[in-house]
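Reviewing the structure listed below.
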Amino acid sequence: MSAVEIPAGLKELLQGYTVEVLRRRPPNLVEFAVQHFTRVLESQKKEQRLKKRNSKPARKGVTFQTSSNTPNKDDEEEEEEEEEDTSTTGKYSRRVSVCAEAYNPDDDEDDDTEPRVVHPKTDEQRRRLQDACRDILLFKTLEQEQFSEVLDAMFEVLVKPQEHIIDQGDDGDNFYVIEKGVYDIFVQKDGASVCVGKYDNKGSFGELALMYNTPRAATIVATQDGALWGLDRATFHRLIVKNNAKKRRMYEAFIECVPLLKSLELSERMKIVDVLGARAFKDEERIITQTKAGQQDNTEVEVARCSRGQYFGELALVTNKPRAASVYAVGETKCLVIDIQAFERLLGPCMDIMKRNISQYEDQLVALFGTSDDLKH
Ligand code: 1OR
């Protein structure tokens, strides 16, 4: 037991600031701290104003079971069900609560008192949901029981073109899995909103603010009619964030000895663990399929063999080109997988090392086929 009492919320505040510093690498930490905490304060004030106005909770479907007996839920004063907000203007009133939940994922105390969120679904909805969630990495390391709790809690969100699902700077309300639709990703750069990528009918977004109690890092806008599945913040926290603590314990030692990741800070390596999924492959199973002709005929030639601690699959991501080689499992194998958006976000600092290694692939190919054109960026 500690003799010094740590004020409630201090840890989360500092953690939020640290994560933002690591993500944005500001030149002046003090100036950045002033901006960051001003934003936190503004959000707190906004939250209080919203509470006063007794505004309704987040978007369609995000309702906690009314049997909730959790005493300090922020939402408790808020009126639960009014008519559903299905406006197409793109802005919904959202739950505002910077650093409301404790971040410590090991802190299990209130697990039993947390209400379990269940959104009933038809068989057809459940099937579509299961399909959409099949490749979501954050779900890959969940136990079956936890996974089905996640599915129970998810709710369908239909979106219209130009609808903002998430606005950068807001507080996180939900995590989203894409069932269909194309979504642009915008990030503020020097005061302007820049499109940095898109999701095309698959993937998920909105995990960062929920995992690290930080403001939304990007704006996500639907470009066409789309369908999403949302998972509320409380359930995400209870199941995914807690599972991440387990993942950290499982993969910490392994990640420490992956040479590529040596140049990252410990906290950055841990963020990689947070978004990793694990996948097992059988002997000879194809893990990556070559999508362009790298050879004159159709015979496949083994060009390299990777083992524990090495990586593959980055080439197409770094060069933005189709897959240049196929990869097969040799024996029973297990890979840790990172998705493309997280790859770009988290492995930026490793780009130089990866590019250096890519020039080695070129040497290998030149030795085999006498050309490296396919690998040129
Ligand atoms: P969030 O909860 O912060 C916005 O809400 C979401 O956009 C975020 O979680 C991610 O799921 C998703 N940088 C930050 N967030 C991103 C990015 C991104 N891409 C998708 N999201 N970058 C683009 C990487 C292709 C880096 C931009 C500098």
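How long is the gain from Glu156 to Glu265 if the chain were fully straight, where each residue apart is worth 0.36 nm and the alpha carbon distance is subtracted? Walk me through the intermediate numbers first.
Values: separation 109, 0.36 × 109 = 39.24 nm, distance 3.76 nm.
Value of the extension gain: 35.5 nm.
Cα gyration tensor of region 299-368, axes a ≥ b ≥ c as square roots of the eigenvalues: rounded (a/c below 1.5), prolate (a/b > b/c) or oblate? All intermediate terms of the calculation are to be shown ahead of the outcome.
Numbers: a/c = 1.78, a/b = 1.19, b/c = 1.49.
Here region 299-368 falls in the oblate category.
With a ≥ b ≥ c the root eigenvalues of the C-alpha gyration tensor of region 162-302, is it rounded (a/c under 1.5), prolate (a/b larger than b/c) or oblate?
Values: a/c = 1.79, a/b = 1.24, b/c = 1.44.
Because a/c hits 1.5 or more and a/b fails to exceed b/c, region 162-302 counts as oblate.
What residues qualify as long-range amide H neighbours of Glu179, i.e. H under 5 Å apart, gap of 5 or more or another chain, H built at 1.01 Å from N?
Ala227, Leu228, Trp229
What are the residues whose amide H is under 5 Å from the amide H of Ala278, where those residues sit 5 or more places off or on another chain and H is modelled from the backbone?
The answer is Thr141, Val337.
What distance in nm lies between label points placed 7 Å from Cα along the C-beta direction at Thr18 and Gln146?
Simple spin-label model gives 2.2 nm for this pair.
Quickly rank 138-149, 120-131 as a protection proxy: mean count of other C-beta atoms within 10 Å, highest first. Walk me through the numbers on the way to the answer.
On the way: 138-149: 16.1, 120-131: 12.4.
Sorting 138-149, 120-131 by mean packing, highest first, produces 138-149, 120-131.
Compute the distance in nm between two label points, each set 7 Å from the Cα along the Cα-to-Cβ direction, one at Val196 and one at Glu252.
2.9
Between Asp225 and Val303, what is the label-point separation in nm under the 7 Å Cα-to-beta-carbon projection?
4.4
Calculate the dipole size of region 107-250 relative to its Cα centre from +1 charges on Lys and Arg beta carbons and -1 charges on Asp and Glu beta carbons; express the result in debye to the nearest 20. Intermediate values should be presented prior to the final figure.
Details: 20 positive and 28 negative charges, 127 e Å.
My answer is approximately 620 debye.
Could you line up Tyr17, Tyr183 from fewest to most neighbouring Cβ atoms inside 10 Å?
Details: Tyr17 17, Tyr183 24.
Starting with the residue having the fewest Cβ neighbours, the order is Tyr17, Tyr183.
Would you mind checking which residues have amide H under 5 Å from Gln188's amide H? H placed 1.01 Å from N; only 5 or more apart, or other chain.
Long-range HN contacts for Gln188: Val194.
Test of understanding: what is the full-extension gain from Ile358 to Asn320, defined as 0.36 nm times their sequence separation minus their Cα-Cα distance? Before the final figure, lay out each step's value.
Numbers: separation 38, 0.36 × 38 = 13.68 nm, distance 1.31 nm.
Taking Ile358 through Asn320 to full extension adds about 12.4 nm, to one decimal.
Cβ neighbours within 10 Å, averaged per peptide: list 350-358, 220-228 in order, most packed at the top.
On the way: 350-358: 14.3, 220-228: 19.3.
Result, highest mean first: 220-228, 350-358.
Here is the link list: Lys160/Lys246; Lys180/Lys355; Lys242/Lys334; Lys198/Lys246; Lys198/Lys355; Lys45/Lys202. Which ones come out longer than 26 Å on Cα distance? Let's see the in-between values first.
Numbers: Lys160/Lys246 38 Å; Lys180/Lys355 33 Å; Lys242/Lys334 23 Å; Lys198/Lys246 30 Å; Lys198/Lys355 24 Å; Lys45/Lys202 36 Å.
Checking Cα-Cα distances, Lys160/Lys246; Lys180/Lys355; Lys198/Lys246; Lys45/Lys202 exceed 26 Å.
The numbers here are math on the coordinates, done by the rules we state, and not lab data. The structure presented is a predicted model; accordingly, all values stated were derived computationally and were not measured. Reconstructed Cβ throughout: ideal geometry from the backbone, glycine too, with neighbour counts over all protein chains shown.
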